1. Using C-alpha positions alone, give me the convex hull volume of the stretch 1-99 per residue in cubic angstrom.
2. Suppose we keep just the DSSP beta bridges with both residues in the stretch 1-160; what percent of those would be antiparallel, to 5?
3. Test of understanding: ordering E142, E76 by Cβ neighbours within 10 Å, fewest first, what list do you get?
4. When R43, R262, R190 are ordered from fewest to most other Cβ atoms inside 10 Å of their Cβ, what list results?
5. Taking neighbour counts of Cβ atoms within 10 Å as a proxy for exposure, in what order, fewest first, do D240, D227, D60 appear?
6. Kindly count the pairs of lysines across the stretch 26-177 whose alpha carbons are less than 18 Å apart, treating pairs on different chains or eight or more residues apart as eligible.
7. With each run of n ≥ 4 DSSP H residues scored as -39500 (n - 2.57), what mean residue ellipticity at 222 nm is computed for the chain after dividing by its residue count and rounding to the nearest 500 deg cm²/dmol?
8. Scan the stretch 138-188 for chymotrypsin sites (Phe, Trp or Tyr not before Pro) in coil per DSSP, keeping those whose Cβ has at most 11 other Cβ atoms within 10 Å, and list them by number.
Amino acid sequence: MKNVIVTGATSGIGFAVCEALLSSNHKVIGIGRSAESCEKARRSLLEKNANADIIFFSADLMQLEEVKKISSEILEHISMHWNGKLDVLINNAGCVRSRYCTTKEGYEHQFALNHLSSFLLTYYLINPLIKAQGRVVITSSESHKGIKMNWNDLMFTRFYRPLRVYKQSKLANMLFAFGLNDRHSVYGLRAYCVDPGLVNTKIGEKQTYGLVNMVWSLRKKKGVTPDVPANSYLYLVESDNHPEGLYIHKNKPKEYSSYVNRENADRLWKISEKLCSIEFGRFQ
């Protein structure tokens, strides 16, 4: 029985992962964007499994101030109910946008939610993760291949291209996982990125319009249902020893971009620290 946190837990892959975890009797904290969506998801999960150990917290993780607030509440729960240990943090929340939009902090939406929220949430939860010699699992994508970080304009304030911005955020996921292993594997922590493949979810239809919305609504029809990739997350939760690899697809290590290396991971790490106003360091 593991203690697991899942972000983006009220729909799509995140909801399916919660369902799989609860079916295997794990304890789960789900994080969703609104109290209403969290309550709806909680009721749905309990209808399928009345004995499920599930609790939801609501926060708009795109806003870094809300990441900080929700982390404090979650740390209190972990301390009181989970003996201060977090076995697995699944950073799954993500978004797609049709145009350039910014958060309260002034950060582009896809970069803020898909990367910075994972970076900052992991920072706040690093001690209970290390105490459990746990794992961090991030939802990435094959989209991380064939692209480089746009170092001179990470937020794409000029020449905004929705797909390129999304692909960069998935590359950032890979670089973060690489950097996390580089700094914290010595303490027994391991980070992984999951390639869920093409999945039939509404991620490309939420707060999008025009070509982006149309393309995704057509493309998703060729995707698998969310319960299929949920098996990869369950595998990473339940494996007794840390599995080999960094990039996982269908429970097996998969080749990833050569751009994912120490130099680029370190560069993104330092920028992310600055943007989040933290010093991640190593073991706190």
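1. Each residue corresponds to 95 Å³ of Cα convex hull volume.
2. The antiparallel fraction comes to roughly 5 percent.
3. Exposure proxy ranking, most exposed first: E76, E142.
4. If I rank by nearby Cβ atoms, fewest first, I get R43, R262, R190.
5. D240, D227, D60
6. 11
7. So the calculated ellipticity at 222 nm is -13000 deg cm²/dmol.
8. Qualifying residues, ordered by number: F159.
Every number here is computed from the coordinates shown, using simple stated rules; none is lab data. From a predicted model like this one, the values you see are computed outputs, not experimental measurements. With ideal geometry, Cβ positions are generated from the backbone for all residues, glycine too; neighbour counts draw on all protein chains shown.
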